[in-house]
Amino acid sequence: MPRAGTSVARAEPAEAGPLPKHVAIIMDGNGRWAAARGLPRVAGHRAGAQAVRRTIEAAIRAGVPWLTLYAFSSENWRRPATEVLDLTGLLRHYLRNEVTELAQEGVRLRFIGELTRFPPDIQTELTRAEQVTAANTRLNLVIALSYGARGEIVEGARRIAEAARAGTLDPATLSEEGFGATLLTAGIPDPDLILRTSGELRLSNFLLWQAAYAELVFLDVLWPDFGETQFAAALAEFARRERRFGARPG
Ligand code: IPE
Ligand code: IPE
Ligand code: MG
């Protein structure tokens, strides 16, 4: 029987193999989900927010300690102004209505991306959400907002160049760990599993540095249809993978 491959993961229990410490998800397919129903794209984004809720619960139940969700890319600002407005409106609604419950469930929130591109009231909510959940330990939830990996890497390089110019860093001593610490994900373990929904087979500028040895799983399901079953299937697929990190197999 062929392996599950990259596009389909079978729904099997994941108990047999290792559990990823960090699952990162490219939540794609909201627009196509809405179009298939003759609905406006915003309806797909609304349904996508429900899938976020289910996924957080699934991660908690599975015992995955780190979950990163790619909610909005730095390139998504190029979408029509009406859609950008719908998405920022939904984000505002989500922050105002869901953070209290997430806090009670033991979720620690952290946001990565060019957060200053959002309206000031959203930035205030983002800071508040991080503050009120800072002591939680059950699930570390990272939400990537206006995030782009190339921009993140260039910003890290800029900070290193400035430190070198200021004489506080000797370029000869720069290590991979040192470079990684300049990124937005400083202190966050690299993802073991990167999952993308909607059938697209690309990373779309997501965690390019951090993805070096991530296992990639691509599911045909559209994001609003994603839930515990698909999460479990992805964990099962991860458990079947043999990770080598460049070393000899076996
Ligand atoms: C993902 O769904 C949500 C965001 C990127 C903000 P899309 O809006 O990309 O949906 P498709 O890919 O057009 O179906
Ligand atoms: C990637 O989806 C970004 C998010 C899921 C937030 P896109 O729909 O923006 O990616 P492309 O345009 O298909 O590469
Ligand atoms: Mg898309």
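The values are calculated or read from the model by the stated rules, or taken from the named source; none is laboratory data. Computed from a prediction, not measured in an experiment: that's the story for all the values here. Cβ sites come from the backbone with ideal geometry, for glycine too, and all protein chains shown count toward neighbours. Accessible surface areas use protein heavy atoms only, side chains included; no ligands, DNA or RNA. Shrake-Rupley method; radii C 1.70, N 1.55, O 1.52, S 1.80 Å.
Taking interchain pairs and intrachain pairs at least six residues apart, which have beta carbon atoms under 7 angstrom, with the first residue in segment 62-86 and in a strand (DSSP E or B) and the second charged (D, E, K, R) and surrounded by fewer than 20 Cβ atoms within 10 Å (Cβ to Cβ)? Hits for this filter: Trp66/Lys21. Taking residues in segment 110-132 that are more than 26 Å from Gly156 (Cβ to Cβ), and partners anywhere that are of a type in the set (A, V, I, L, M, F, W, C), the pairs with Cβ atoms closer than 7 Å and at least 6 places apart or on different chains are Glu125/Leu95; Val132/Val99; Val132/Ala103. Being modelled with pLDDT of 95 or more and of a type in the set (Ser, Thr, Tyr), is that true of even one residue in segment 64-71? Looking for residues that are modelled with pLDDT of 95 or more and of a type in the set (Ser, Thr, Tyr), one finds at least one in segment 64-71, hence yes. Applying the condition of being over 15 Å from Leu102 (Cα atoms) and of a type in the set (Phe, Trp, Tyr) to segment 44-81 and asking which residue is nearest to ligand 1 (Cβ to nearest atom) yields Phe72. Taking Leu216 as the residue in question, decide whether it is open to solvent by 40 Å² or more (accessible area, probe 1.4 Å) and either within 16 Å of ligand 3 (Cβ to nearest atom) or closer than 25 Å to Arg32 by Cα (or both). Criteria met by Leu216. Restricting Arg158, Arg202, Arg138 to those that are open to solvent by 50 Å² or more (accessible area, probe 1.4 Å) and in contact (Cβ under 8 Å) with a residue 60 or more places away in the chain reduces the list to Arg138.
Within the option set Glu215, Glu237, Glu177, being more than 15 Å from ligand 2 (Cβ to nearest atom), among the acidic types (Asp, Glu) and without any contact (Cβ under 8 Å) to a residue 12 or more places away in the chain holds for one residue only, Glu177. Note on segment 220-246: among residues that are out of contact with any Lys or Arg (no Cβ under 8 Å at 6 or more places or on another chain) and open to solvent by 60 Å² or more (accessible area, probe 1.4 Å), the one that is farthest from Pro191 (Cα to Cα) is Asp225.
Selection of segment 170-181 for residues being open to solvent by 50 Å² or more (accessible area, probe 1.4 Å) and of a type outside the set (Ser, Thr, Tyr) yields Asp170, Pro171, Ala172, Leu174, Glu176, Glu177, Ala181.
Is segment 45-52 home to any residue that is within 11 Å of ligand 2 (Cβ to nearest atom), at pLDDT 95 or above and in contact with a helix residue (DSSP H, G or I) (Cβ under 9 Å, 6 or more places away or on another chain)? Looking through segment 45-52, at least one residue is within 11 Å of ligand 2 (Cβ to nearest atom), at pLDDT 95 or above and in contact with a helix residue (DSSP H, G or I) (Cβ under 9 Å, 6 or more places away or on another chain).
In segment 207-225, the condition of being over 30 Å from Thr55 (Cα atoms) and part of a helix (DSSP H, G or I) is met by no residue. Within the option set Leu184, Leu203, being under 18 Å from Gly113 (Cβ atoms), within 16 Å of ligand 1 (Cβ to nearest atom) and assigned to a loop (DSSP other than H, G, I, E, B) holds for one residue only, Leu203. Residues that are more than 20 Å from Tyr147 (Cα to Cα) and near ligand 1 (Cβ under 7 Å from one of its atoms) within segment 17-43 comprise Arg32, Trp33, Arg41, listed in sequence order. You will find that of Ala161, Ala144, the residue that is of a type outside the set (D, E, K, R) and farther than 25 Å from Met27 by Cα is Ala161 and no other. Residues in segment 59-74 that are of a type outside the set (Phe, Trp, Tyr) and within 16 Å of ligand 3 (Cβ to nearest atom) were compared, and the one that is most open to solvent (accessible area, probe 1.4 Å) is Ala71.
For the condition more than 19 Å from Pro224 (Cβ to Cβ) and not basic (Lys, Arg), what is the one hit in Leu91, Leu102, Leu67? Leu102 is the lone residue from the list that is more than 19 Å from Pro224 (Cβ to Cβ) and not basic (Lys, Arg).
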